[in-house]
Amino acid sequence: MGRKLLLHNAHVEGIRTYEVYRKTGGYRSVEKALKTLTPDEVVEEVKTSGLRGRGGAGFPTGMKWSFIAKPEGVPRYLVVNADESEPGTFKDRYLMEYIPHALIEGIIVSSYALGANTSYIYIRGEYAWIPDILEHAIAEAKANGFLGKNILGTGFDLEIYVQRGAGAYICGEETALIESLEGKRGNPRIKPPFPAVKGLWDCPTVVNNVESIAAVVPIINDGGAEFAKIGVGRSTGTKLISACGNLNKPGVYEIDMTISVEEFIYSDEWCGGIKGGKQLKACIPGGSSVPILPANLLLKTAKGETRYMNYESLSDGGFATGTMMGSGGFIVLDEDQCVVEHTYTLARFYRHESCGQCSPCREGTGWMEKILYKIESGNGTLHDIDLLWDIQRKIEGNTICPLGDAAAWPVAAAIRHFRDEFEWHVNNPELCRTQNFGLAHYADEIHVPA
Amino acid sequence: MSIQFTPERHQKFEEIVARYPQGRQKSALLPVLHLAQEQFGWLSSDTMDYVAGLLSITPIEVYEVASFYSMYNLKPVGKYLFEVCQTGPCMVSGANSIINYIKQKLNIEVGETTEDGLFTLKTVECLGACGYAPMMQVGKFYKEHLTPEKVDQIIAEYRNQN
């Protein structure tokens with residue numbers, strides 16, 4: 001059983017309430033930070049912890065904080081990115097829904113570190129019932145002196161507001177989120193300037209994922225060094241994984257990043273194996289944007305070593321034979337699933353979510369969707385597969401924000417590892433409408449694509 | 001029908017605007033459009049113009065936002081809007097057969113509303129309930145782990161309320 005830092009009290013009856021949360025040790029980190037540490041010392045602890053942004057990019061949180069500009073007389077803002085929209089990802093929802101005070105506590109400490117007196121939680125619009133839960137928690141914290149003016153008599157003031165989005169994946173990109181929070185379309189901004197210098201209303205702003213902010217609580221309680229001891233290498237602390245697809249026990253799990261991928265999928269402590277005793281075909285371990293891997297390359301690296309559930313091991317081999325930790329949205333496909341159809345749904349998703357600013361993404365995502373649909377429905381040609389490859393290559397790296405890359409990678413990886421399945425569709429136009437390609441060699445001995 | 005918030009919603013509107021610094025009231029646009037949709041069911045151009053007036057911004061600033069975000073209905077919808085997720089994780093968990101079942105059960109296609117005006121069926125992209133698939137959103141809440149039986153129950157429940 002791994003150590004739990006975020007979900008350790010998730011199953012305590014009534015943990016959603018201030019009273020129970022406080023009894024289990026809640027808000028200690030606020031007392032410790034505000035009364036015994038300077039803001040810079042809090043930033044140092046977070047740096048020491050090695051915490052990497054939990055939204056998907058994995059950028060060190062402490063370093064991000066240290067970039068915030070501090071011009072005299074200009075307010076600073078902490079914006080919490082709760083726009084969780086990456087297919088396969090539903091961990092922040094779990095945290096906010098069941099342990100809302102963990103997020104509020106993290107926001108108070110983080111705002112103190114950044115010198116922010118106002119914080120906004122930007123939550124995806126579809127999570128329409130969660131703002132009520134968060135606002136209730138905020139009101140409770142305020143009633144108990146942890147929010148508002150002069151918190152705990154330290155002179156630090158903080159207000160937290162919840163803002164709902166309205167259905168746009170792109171608003172998970174931090175500058176699009178800021179635009180949206182300003183009441184505009186979610187069009188990402190050209191960087192620089194980065195939000196740390198010019199963010200919300202042109203003021204210095206830090207945008208952090210929900211899980212990153214919640215992780216600040218154990219970092220302050222136990223010290224950054226203690227947090228850094230958990231895990232391995234640059235994958236410190238614990239990570240929430242939201243597991244879904246053809247699993248016996250899909251759900252949200254907290255892991256300490258030392259377990260193997262195989263253990264995570266098959267152990268009863270975690271996902272309990274593939275549903276119906278079927279075989280594992282493929283997996284997208286870090287949210288839909290990261291490369292899909294066939295079973296053999298998922299469980300072992302190209303070098304034949306065991307693959308672990310952490311940043312370094314998942315990306316071992318680069319995109320040729322590896323993937324990414326991403327957001328921790330762990331999507332599992334069993335032997336009956338069709339990779340072409342699955343990739344088509346993802347291409348449709350990215351076409352739907354492209355903001356339309358950059359032509360490679362706006363046009364390219366539409367073309368990829370159409371070609372994938374053509375192949376999936378038995379009307380494709382071998383040339384279409386090459387065309388798909390060509391389009392994704394021309395999107396990647398040619399857009400203002402990473403949505404272009406996010407749309408290109410799943411298509412690239414699907415062709416890279418499952419090209420024979422695409423070809424089978426082309427060569428069996430009738431059969432592919434009623435039957436799937438199946439498992440083929442994907443679970444065999446490691447097969448490294450040329 | 002003249003477009004105006006109920007007194008309760010108007011109070012809510014004031015509360016929302018107070019969350020932002022002076023002069024930054026445009027930031028309230030998304031929440032205020034949610035509020036408007038809650039009251040009127042969808043966003044007509046009259047409703048959007050009303051919101052523009054409330055926030056002292058131009059109507060085009062409202063239109064461009066309302067048309068960007070997928071949750072705002074720019075056309076009237078049924079009393080119960082079924083938004084069924086069809087993205088990868090839901091797809092591998094049987095979303096397509098649930099969509100087909102709802103179509104057949106309500107005798108409508110995706111994007112259509114039943115004749116009695118009760119139900120509209122829409123397909124949507126990932127709603128962040130991948131571990132509890134297949135699923136759909138109905139109003140404020142999610143209906144998860146959908147099966148044909150569960151869909152029957154949900155529809156019967158809504159029909160009984162009318």
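The values are calculated or read from the model by the stated rules, or taken from the named source; none is laboratory data. As the structure is a prediction and not an experimental result, all values here were calculated from the model. In this analysis, Cβ positions are derived from the backbone assuming ideal geometry, glycine residues included, and neighbour counts consider all displayed protein chains. Note: accessible area is taken over every heavy atom of the protein model, side chains too, but ligands, DNA and RNA are not part of it. Shrake-Rupley method; radii C 1.70, N 1.55, O 1.52, S 1.80 Å.
Key figures for this structure:
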{"quantity": "Segment A:ARG433-A:LEU152, length gained on full extension (0.36 nm per residue, minus Cα span)", "calculated": "94.6 nm"}
{"quantity": "Total formal charge among the other residues, if their Cβ is under 12 angstrom from that of A:PRO87, Lys/Arg +1 and Asp/Glu -1", "calculated": "-3"}
{"quantity": "Listed residues A:THR24, A:THR236, A:THR258, most fluctuating in chain A (Gaussian network, C-alpha, under 10 Å)", "calculated": "A:THR24"}
{"quantity": "Cα pair distances exceeding 41 angstrom across the protein assembly as shown, given as percent", "calculated": "23 percent"}
{"quantity": "Of all DSSP beta bridges in chain A, antiparallel share, percent nearest 5", "calculated": "45 percent"}
{"quantity": "Residue among B:PRO76, B:PRO59, B:SER27 farthest towards the positive dipole end of chain B, charges placed on Cβ", "calculated": "B:SER27"}
{"quantity": "For chain A, built as a Gaussian network whose Cα springs stay under 10 Å, the top-fluctuating residue of A:SER377, A:SER180, A:SER315", "calculated": "A:SER377"}
{"quantity": "Probe 1.4 Å - accessible area at B:PHE141, Å² to nearest ten", "calculated": "110 Å²"}
{"quantity": "Among the listed pairs B:LYS105/B:LYS140; A:LYS184/B:LYS26; A:LYS47/A:LYS229; A:LYS229/A:LYS300, those beyond 18 Å (Cα-Cα)", "calculated": "B:LYS105/B:LYS140; A:LYS229/A:LYS300"}
{"quantity": "Taking the stretch B:1-83 and dividing mean pair separation by its residue count, relative contact order in percent (alpha carbons under 8 Å, at least six apart)", "calculated": "28 percent"}
{"quantity": "Sites matching GluC sites (Glu not before Pro) across the stretch A:25-82 that sit in DSSP coil, with at most 11 neighbouring C-beta atoms within 10 Å", "calculated": "A:GLU72"}
{"quantity": "Label-reachable residues, the stretch A:402-442, where backbone N falls under 12 Å from a point 7 Å from B:ASN100's Cα toward its Cβ", "calculated": "A:434-435"}
{"quantity": "Surface share of carbon and sulfur [accessible, 1.4 angstrom probe, percent] for the stretch A:339-434", "calculated": "51 percent"}
{"quantity": "Residue with peak Gaussian network fluctuation, chain A [Cα springs, cutoff 10 Å], from A:CYS244, A:CYS358, A:CYS171", "calculated": "A:CYS358"}
{"quantity": "Debye equation applied to the C-alpha atoms of the stretch A:235-334, log10 I(q)/I(0) at 0.22 Å⁻¹", "calculated": "-1.13"}
{"quantity": "Length added when fully stretched, A:ILE133-A:ASP268, from 0.36 nm per residue minus Cα-Cα", "calculated": "45.5 nm"}
{"quantity": "Relative contact order (%) - criterion: Cα under 8 Å, at least six apart; region: the stretch B:80-160", "calculated": "37 percent"}
{"quantity": "Residue mean of other protein chain beta carbons inside 10 Å, A:123-131", "calculated": "5"}
{"quantity": "Relative packing of peptides A:46-53, B:10-17 - highest average C-beta neighbours within 10 Å first", "calculated": "A:46-53, B:10-17"}
{"quantity": "Peptide B:47-56, shielding by other chains (average Cβ, 10 Å cutoff)", "calculated": "0"}
{"quantity": "For chain A, size of Cβ-based charge dipole, Lys and Arg +1, Asp and Glu -1, in debye", "calculated": "720 debye"}
{"quantity": "Sum of -39500 (n - 2.57) over DSSP H runs of 4+, divided by residues of chain A (222 nm, nearest 500)", "calculated": "-12500 deg cm²/dmol"}
{"quantity": "Förster radius 25 Å - calculated FRET efficiency between B:GLN22 and B:SER45, Cβ distance, rounded to 0.05", "calculated": "0.30"}
{"quantity": "Relative contact order [Cα under 8 Å, 6+ residues apart], chain B, whole percent", "calculated": "17 percent"}
{"quantity": "Sites B:GLU14 and B:PHE141 - FRET efficiency at Förster radius 30 Å, r taken between beta-carbons, to 0.05", "calculated": "0.65"}
{"quantity": "Within 10 Å of each Cβ in A:67-77, the average number of Cβ atoms from other chains", "calculated": "0"}
{"quantity": "Three-way shape call for the stretch B:7-68 based on the alpha-carbon gyration tensor, with the a/c threshold at 1.5", "calculated": "oblate"}
{"quantity": "DSSP beta bridge pairing in the stretch B:80-160, given as percent antiparallel to the nearest 5", "calculated": "55 percent"}
